[in-house]
1. Identify, please: which residue in segment 265-282 is free of Cβ contacts under 8 Å to residues at least 60 places away in the same chain and farther than 12 Å from Tyr215 by Cβ and is, among those, farthest from the ligand (Cβ to nearest atom)?
2. Within segment 342-357, which residues are surrounded by fewer than 20 Cβ atoms within 10 Å (Cβ to Cβ), among the β-branched types (Val, Ile, Thr) and free of Cβ contacts under 8 Å to residues at least 40 places away in the same chain?
3. Would you check which residues across segment 248-264 are closer than 19 Å to His340 by Cβ, within 10 Å of the chain's Cα centre (by Cα) and either more than 15 Å from the ligand (Cβ to nearest atom) or not in a helix (DSSP H, G or I) (or both) and list them?
4. Of the residues that make up segment 59-72, is at least one aliphatic (A, V, I, L, M), crowded, with 16+ Cβ neighbours inside 10 Å and within 28 Å of Leu170 (Cβ to Cβ)?
5. Out of all the residues in segment 404-426, which are touching a helix residue (DSSP H, G or I) at 6+ places or on another chain (Cβ under 8 Å), at pLDDT below 95 and within 23 Å of Gly306 (Cβ to Cβ)?
6. Only one of (1) within 28 Å of Ala207 (Cβ to Cβ); (2) surrounded by fewer than 21 Cβ atoms within 10 Å (Cβ to Cβ); (3) within 27 Å of the chain's Cα centre (by Cα) is not met by Gln26, so which one is it?
7. If the requirement is being farther than 20 Å from Gly305 by Cα, at pLDDT 95 or above and surrounded by 15 or more Cβ atoms within 10 Å (Cβ to Cβ), which of these qualifies: Leu378, Leu443?
Amino acid sequence: MKKVVKFGGSSVASADQIKKIFDIVQMDPARKFVIVSAPGKRTPDDTKVTDLLIAYYKAYQSGKSVRDTQDAIVARYAEISEELALDSAVMREIAYHIHELATLDKTDTFTYDTFLAAGENNCAKLVAAFFAQSGLDTRYVSPKDAGILVSEEPGNARLLPESYEAINYLNELPETLIIPGFFGVTKKDAICTFSRGGSDISGSIIAAGVKADLYENFTDVDGIFAVNPKIIPHPQPIDEVTFREMRELAYSGFSVLHDEALVPALRAKIPIVIKNTNNPTHPGTRIVVEHTKNVTPVVGIASDGGFSTLNLSKYLLNREVGFGRKMLSAFEELGVRFEHMPTGIDDISIIIRDVFLGKENERAILNKLAETLHPDVLNFEHQLSIVMLVGEGMRAHIGVTARAAKALSDSRVNIKMLSQGASEYAIMFVVKSVDEEKAVQALYHAFF
Ligand code: ASP
């Protein structure tokens, strides 16, 4: 049995948390590959080290004094290091690295990423020092030495597929390996980070590369729930969910795991388990390729706001060849991506996330479509939410949509649009954002 374990920011936020992760790793010899985030929040109003590093970078770029941010970052590590009674050489090296950032070339495309990556990198060094001091045969391995080669896309790196062979070499090392998450190196040796929350991706990549049996992702919750606990207090926990179901849930609001982190583990068919550093004996939620037991038609309900639709109607639209292509090209030309496209005989709606829209894009899209397609009706509608009913089990059940629609109508929620893909593991309802919570509550009570 071989396990990759990833500890998120809250699991390395303080000396006490780091002692917990040591116990977790030591308790199970299969936990040989350890990925760590940067120290996160200790209390809800605390600041993550990564956010302090962003402030540090901004001060440096704008020529302001970097003293306060440097001190705040060094103080976070120093406090942990002191409480763990680490050799002072460890902290001297960390402080040196933090200060050294303010000598980097301000014009270099990868300088921002190098600042950010320092959070994880120094944390991994500190954790490795503590594990070694506590008697575990440990080695810090940089992402470069681990073979994590990435594309040259600052803040949004993608793994180069040839990395996997190099990562597999980690199996040859006898020690427990501590690897910083969140970043890799480009072919030209520049540090390049994944998107925010990207240590989850690093863990999944290492799991696929070393061909682990399990990827354990430790966070500060006992796994995931069937619905957002802010909408339904104490909802039903999910003990098993498939990768496909998880993707649907993550897409529409479940934020426990970075959605890009699912791909490497899924391709390598490695199950993931979400566990709690503060309650490690809890079994957590397993993300699996196929369900191992009988499932209910719906495993979870997710929702997310911030959507708009472009609605277009034209009489006899169905007879015009190339209409859809012309319509979508207006979006493509502006680099605006779309999320869904429900259609009727004479109408098409395009659902877009507001963050990719903006007044100027809207005007340009409306002008272009009016000019090229001569529609009867053309408008944007805003303040919409999607509510997603997710479960592979719905394929084998008749009446899931009927039950959902009845629950929504009983709660006086108007369904603006409705769509279910041919794969039948999710049904999407578009509702007005003011109705989002009401819709989720109605659906939860209908299915759980
Ligand atoms: N420290 C990074 C962030 O805050 C990456 C991570 O925690 O996964 O986004």
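The values are calculated or read from the model by the stated rules, or taken from the named source; none is laboratory data. Owing to the predicted nature of the structure, the values given are computational and were not obtained by experimental measurement. Backbone-built Cβ (ideal geometry, glycine too); neighbour counts: all protein chains shown.
1. So the residue we want is Thr281.
2. Thr343, Ile345
3. Answer for segment 248-264, where residues must be closer than 19 Å to His340 by Cβ, within 10 Å of the chain's Cα centre (by Cα) and either more than 15 Å from the ligand (Cβ to nearest atom) or not in a helix (DSSP H, G or I) (or both): Tyr251, Phe254.
4. The answer is no; no qualifying residue exists.
5. Correct list: Leu418, Gln420, Ala426.
6. Every condition holds for Gln26 apart from (3).
7. Answer to the selection: Leu378.
Conditions (1) within 24 Å of the chain's Cα centre (by Cα); (2) among the aliphatic types (A, V, I, L, M); (3) buried (at least 16 other Cβ atoms within 10 Å of the Cβ); (4) modelled with pLDDT of 95 or more, marked per residue:
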site: Ile98; (1), (2), (3), (4): no, yes, yes, yes
site: Leu101; (1), (2), (3), (4): no, yes, yes, yes
site: Tyr112; (1), (2), (3), (4): yes, no, yes, yes
site: Phe115; (1), (2), (3), (4): yes, no, yes, yes
site: Asn121; (1), (2), (3), (4): yes, no, yes, yes
site: Val127; (1), (2), (3), (4): yes, yes, yes, yes
site: Gln133; (1), (2), (3), (4): no, no, no, yes
site: Asp137; (1), (2), (3), (4): no, no, no, yes
site: Pro154; (1), (2), (3), (4): yes, no, yes, yes
